[in-house]
Amino acid sequence: MASITGSVEIRVRKPRRTVIAGVLVVGWVAAWFVLSGVDTLTIGGQETTALHRWLTEHRDFLGRGNAFFDAIRIAVDHLVVLLQNVLSQPAYGRPVPVVGWLGVVAIAAYLAWAFGNWKVAVLAAAGLTFVGLQGLWQESMDTLSLTIAAVALSLLVGIPLGIWAGLSNRAFKVATLILDLMQTLPTFVYLAPLTLFFAIGPAAATIATLIYAAPPVVRLTAHAIRSVPAESVEAARSLGSTGGQTLFKVLLPMSRSTVVVGINQTIMAALSMVTVAALIDAPGLGQTVLKALQTLDVGVAFNAGLAIVVIAIVLDRVTTAAGDRPWRTASVRRRVLLAAGGLAVLVAVWFSRTYVWAAEFPTDVGVGSRIAVTATDVTTWGQDVFGGFTYGVRDAVTEGLLNPLEALLTESPWWLVTVVIVALAAVLGSWRSAVPAAVCLGLLVATGVWHDGMVTLASTLLATVVVVAVGIVLGVWTGRNQRADSWLRPVLDAGQTMPPFVYLVPFLALFGTSRFTAIAAAVVFAVPVTTKIVADGIRAVPVATVEAANSVGSSSWQVISKVQLPVARRAITLAVNQGLIYVLSMVVVGGLVGAGALGYDVAAGFAQSELYGKGLAAGLAIVLLGVMLDRITQAAARRTRKFS
Amino acid sequence: MTNKLLRSAGVLTALALALTACGGAKVGDAQKPAASGKACGTVNLTVSPWVGYEANAAVVAYVATKDLGCKVVKKNLKEEIAWQGFSTGEIDVNLENWGHEDLKKKYITDQKVAVEAGLTGNKGVIGWYLPPWLAAAHPELTDWKTLNKNAAMFKTSESGGKGQLLDGDPSFVTNDEALVKNLKLDYKVVYAGSETALIQAFRDAEKNKKPVIGYFYEPQWFFNELKLVKVNLPPYKAGCDAVPEKVACDYPAYALDKIVSKKFADSGSPAYDLVKNFSWTNDDQNQVAKYIAEDKLSPDAAAQKWVEANRSKVDAWLGK
């Protein structure tokens, strides 16, 4: 009922807001015809502002030689090297690691079975064996070592922080702000400075990964603690539990499954950093991908990327299964089985320490090279077949949509753009979103990269619109159809974890070096998360509601548009928001394929010492764009919600 | 049922292991001969992200390991970060440096943590290049004066109505924006953003007969695949590039050189003498780069192949 009256009211109210917004945009276009080219704050590729130069000069200010950073570095280095010795590198005078491949597979399968179920145990064993068959065993184990170290440290830091943010409102607010910064600040921005603090080596790579990967577990832990029903906490308190007892006996057990989702997301994020961290010599699959790119070897890059995807899928399914498994005391039967399994694992480890065939993955199976050749052939075929057509699509979209939008944003005076965006924020959201928008735009002017920021904004807006459109269609489809979901899920996982560097070469062949190529890459990366969240929201719509709609004879289109989408609105808002953040996190990669603007500035700051400050400013500009768009979309969503 | 399945799987695995496994070579059977590497020790070598550099690194590492018994640790780093490594002792050797006067000033003159170790013998050429088909079809394009007349030919969706001049990776040395302005060319510099994008653009241009003009450089493995043709800009004269904003001449010829850490230079390691003496031609480097990039040899195998065919050059580096 509520939704019906809601839609009536929206019909009354909505035109007024859209009319104002429409008038604003028309007025903007009219003003643009008059003022085009005035006060555009353009800055050349090699030009810098006083702020940029100041940042560059003070880059080494903190530097090394600090006992605190040194202690962290040494501890982290030791942790990673220890894991590498056990899993991947010849160690302790032996020509092979401490545990050979058979031992690793056995341990992985056993853990998957003990914490999850036998299905994921089989998956874990099969996945790891497949990676070995690809000829990438050692690289994969290096990657796994680094991932384990980064994830372990993320949890060590993230779970307590998450609990704190869950218990204290003030900590929650501060944490949200910092986590936003950590997730939107391009990794390229802090990659080079990190080597100043933590030296070149495993420590810097691990800490870079940690910065990027820790936020999800903090957020989800806090969210989980805050979602525990107040009655449960009250009940515990009234029974005389101390704070600590409430935490460990009530809050943590009740939030366990959500925390596991956080751990899972942290693992995914850590794996997606593999190729980026390779730029500061992180060992493993990332190196293979980057090396292959130097010779544009799509096949080899794909083979290594596939290994990352397989590892990601294994870890995802195992942690998901571990999260779903209810706490229960093990039965005697299970304990016996666990013990027997443990013994079998020990036997396998012993084999892997003793015999060469079980220690080093046999190299005579060439699945990897066959995958590489096939990937290359498919890519070439795709280029030959679609080549001309894709250029046409690119030109149509660029000329028809992107260039006009970009012209409007970049050629208008900066003050006009600021006024219009703040006004739009106030109209679509409220003054609450107008204030942060004004602050962000003001700071964007101060960064000195306003013009590049507007170029990036144009591409980002276009990419986000595509992501949301595709994400909602796929999300509704997979949310309503279990079979579609099980088919699409591995594809979505691949989209999220396949290093973008792998599909950049084929995309370059299809679309040339252009902003469109960057948009296409961002869409591939951002659609999975949007789809997953939308599907989740659709699935959460109460069955009774859908059946009520069906019983009055609604068509499936009506069910979707009048029932499922409106009810899942909250999930869709989150999906739009995450889609946006994912698109922004691809801006730097876009800079490597011809999108220029902020992405190029950040990459240039990483590569050239005199542009360091400008790169940092550009990185901050990306964060500012993210915060601004985030606040506007959230306020707009709140506003729509109010009327329904 | 699941447990039953699991148990039978376990039993089967154990059986299979017992049957097949108890033979086979044991770990540590073949003892590797201990290299007498005491005199040389460890050499930390940065590897910059292009194949030409990797060719240098492969050959020097191979010779240092095989002939001098050094332990060579290769670290894959961007140039800027490798220079940082000189000051912290994590990098000993950079085998191919392109100019970078600012970094030389910072680390060699000011901080005194690095020193020059002579030329590599490679000549670095930077400039504007055309795909071979275009240079053959329009030979006049190799003179920069004809570029304005043909600007329309190089128009793309990215160049805003002007001709497109494609530039590469942000770490490349470039004056192109100033050149376009000062030579009054009706072109827009579009940053491809990576060497990968640049090579793909040239490859596509040659295959589909599209006009492209872009930044490129030699020595480069890609020349084995496609012989790009250089455009003649106003010739370089000493000092014509002194003021970056006013550059209106071609790029100078770069004599690529080697940089080592001060500590390594003073260590008396035989590897230092090897690095100092190391010198070869563009053809040599391209040859090894081809083994790596096109023939897909591992860097080590590529180095071995070249060293065996060029023993006399290697002996000269070793002072034999």
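The values are calculated or read from the model by the stated rules, or taken from the named source; none is laboratory data. Since the model is a prediction, treat every value here as computed from it, not as a measurement. For neighbour counting, all protein chains shown are included, and Cβ atoms are generated from backbone atoms with ideal geometry for every residue, glycine included. Quick note on the areas: whole protein, heavy atoms, side chains included, nothing else; ligands and nucleic acids left out. Shrake-Rupley method; radii C 1.70, N 1.55, O 1.52, S 1.80 Å.
Worth pointing out:
- Among the listed pairs B:Lys75/B:Lys262; B:Lys71/B:Lys290; B:Lys66/B:Lys305; A:Lys291/B:Lys123; B:Lys188/B:Lys210, those beyond 20 Å (Cα-Cα): B:Lys71/B:Lys290; A:Lys291/B:Lys123
- From helices alone, chain A scores -26500 deg cm²/dmol at 222 nm; the rule is -39500 (n - 2.57) for each run of n ≥ 4 DSSP H residues, then divide by the residue total.
- Per the accessible-area calculation with a 1.4 Å probe, the total area buried between chain A and chain B rounds to 5100 Å².
- Principal-axis tilt of helix B:2-21 within chain B, Cα atoms, nearest 10 degrees: 80
- Amide H within-cut-off set for B:Ile213, under 5 Å, with H built and near neighbours excluded: B:Leu166
- A:Ser430 accessible area, 1.4 Å probe, all protein chains in place, Å² to nearest 10: 40
- Pairwise FRET efficiency - A:Ala31 versus A:Arg432, Cβ, R0 = 25 Å, nearest 0.05: 0.40
- Remark on B:Cys240: its backbone amide H falls under 5 Å from none of the residues 5 or more positions apart or on other chains, H modelled at 1.01 Å from N.
- Taking 0.36 nm per residue of separation and subtracting the Cα-Cα distance, full extension of the segment from A:Phe248 to A:Glu547 would add 103.6 nm.
- Estimated distance in nm for a label pair at B:Ala248 and B:Ala316, the labels positioned 7 Å out from Cα along Cα-to-Cβ: 4.3
- Mean projection of the Cα convex hull over all viewing directions, computed for segment A:160-208: 4.0 nm².
- Label point at B:Asp143 placed 7 Å out along Cα→Cβ; residues across segment B:174-209 whose backbone nitrogen lies under 18 Å: B:183-186
- Extreme residue, positive dipole direction of segment A:367-644, given options A:Val523, A:Ala426, A:Ser609 (C-beta unit charges): A:Ala426
- Assigned charges on the beta-carbon of Lys, Arg, Asp, Glu; segment A:288-366 dipole about Cα centre (debye): 620
- Those residues of segment B:155-185 for which accessible area with every protein chain present is at least 50 Å² below the isolated value (1.4 Å probe): B:Ser157, B:Glu158, B:Pro170
- Highest-MSF residue in chain B out of B:Gly214, B:Gly160, B:Gly52 [GNM, Cα springs under 10 Å]: B:Gly160
- Here the Karplus relation 6.51 cos²θ - 1.76 cosθ + 1.60, evaluated at θ = phi - 60°, turns the backbone of segment B:145-152 into coupling constants of 5, 8, 5, 4, 4, 9, 4, 4 Hz, with x for every Gly and Pro.
- Of all DSSP beta bridges in chain B, antiparallel share, percent nearest 5: 50
- In sequence order, segment A:101-113 has phi-based couplings of 4, 4, x, 4, 4, 5, 4, 4, 5, 5, 4, 4, 6 Hz under the Karplus curve 6.51 cos²θ - 1.76 cosθ + 1.60, θ = phi - 60°, and Gly or Pro positions carry x.
- Cut-off 18 Å (backbone N to label point 7 Å along Cα→Cβ of A:Val157), residues of segment A:166-182: A:166, A:172, A:174-182
- Take the Cα radius of gyration of segment A:424-500 and divide it by 2.2 N^0.38 Å, N being the number of residues; the result is 1.59.
- Percent antiparallel among DSSP beta bridges (both partners in the protein assembly as shown, rounded to 5): 55
- Estimated FRET transfer efficiency (A:Trp487, A:Lys562; beta-carbon r; R0 30 Å; 0.05): 0.65
- Long-range HN-HN contacts of B:Tyr191 with modeled amide H, under 5 Å: B:Asp167
- Calculated FRET efficiency, B:Lys305 to A:Leu405, Cβ-Cβ distance, R0 = 51 Å: about 0.45 to the nearest 0.05.
- Projected label points at A:Ser331 and B:Ala39, each 7 Å from Cα along the beta carbon direction, are separated by 7.2 nanometres.
- Remark: relative contact order (segment B:64-128) = 23 percent; criterion is Cα-Cα distance under 8 angstrom and separation of 6 or more residues.
- Coordinate range along principal axes, alpha carbons of the protein assembly as shown, Å, largest first: 87, 84, 56
- Here the relative contact order of chain A, from alpha carbon pairs under 8 Å that lie six or more residues apart, stands at 21 percent.
- Unit Cα scatterers, Debye sum, segment A:367-644: log10 I(q)/I(0) for q = 0.08, 0.09, 0.13, 0.16 Å⁻¹: -0.39, -0.50, -0.98, -1.29
- Mean separation of Cα contacts under 8 Å (6+ apart) over length of segment A:367-644, as relative contact order %: 26
- Loop sites in segment B:182-224: chymotrypsin sites (Phe, Trp or Tyr not before Pro), DSSP, at most 12 other Cβ within 10 Å: none
- Of the solvent-accessible surface of segment A:99-204, computed with a 1.4 Å probe over protein heavy atoms with every protein chain present, carbon and sulfur atoms account for 78 percent.
- When the other protein chains are added to the chain by itself, burial of at least 50 square angstrom of heavy-atom accessible area (probe 1.4 Å, ligands and nucleic acids ignored) affects these residues of segment A:296-319: A:Leu296.
- With Cα atoms, 0 to 90° folded angle of helix B:299-309 axis to chain B main axis: 80
- Segment A:367-644 - percent of accessible surface contributed by carbon and sulfur, probe 1.4 Å: 69
- Chain-alone versus full-assembly comparison, segment B:44-79, residues with accessible loss of at least 20 Å² (1.4 Å probe): B:Pro49, B:Val51, B:Glu54, B:Lys75, B:Asn76, B:Leu77, B:Lys78
- Cα-centred dipole magnitude for segment A:367-644, charges only on beta-carbon of K, R (+1) and D, E (-1), debye, nearest 20: 1180
- Ligands, DNA and RNA excluded, the heavy atoms of B:Tyr251 present near 10 Å² of accessible surface to a 1.4 Å solvent probe.
- To put it simply, the accessible area of chain B at a 1.4 Å probe is 56 percent carbon and sulfur.
- The value given for segment A:245-337 is a Kirkwood hydrodynamic radius of 16.0 Å, derived from the mean inverse Cα-Cα separation.
- Calculated SAXS-style log₁₀ I(q)/I(0) at q = 0.19, 0.27 Å⁻¹ - segment A:378-426, Debye, Cα scatterers: -0.70, -0.93
- More than 22 angstrom apart: percent of Cα pairs within segment A:110-196: 54
- When the P(r) of chain B is calculated, the portion above 38 Å amounts to 31% of the C-alpha pairs.
- Counting only protein heavy atoms and a 1.4 Å probe, chain B has 44 square angstrom of accessible area per residue.
- C-alpha center-to-center spacing [segment B:262-304, segment A:578-643] in angstrom: 40
- For chain A: accessible area per residue (Å², 1.4 Å): 43
- Dipole in debye (nearest 20) - chain B, about Cα centre, beta carbon charges: Lys, Arg +1; Asp, Glu -1: 680
- Calculated from backbone phi, Karplus (6.51, -1.76, 1.60) coupling profile of segment A:79-91 in Hz, x at Gly/Pro: 4, 5, 5, 4, 4, 5, 4, 6, 9, 10, 10, x, 8
- Model label sites at A:Thr49 and B:Ala136, defined 7 Å from Cα along the beta-carbon direction, differ in position by 5.1 nm.
- Leading residue at positive end of dipole, the protein assembly as shown (Cβ point charges), from B:Ser267, B:Gly69, A:Thr258: A:Thr258
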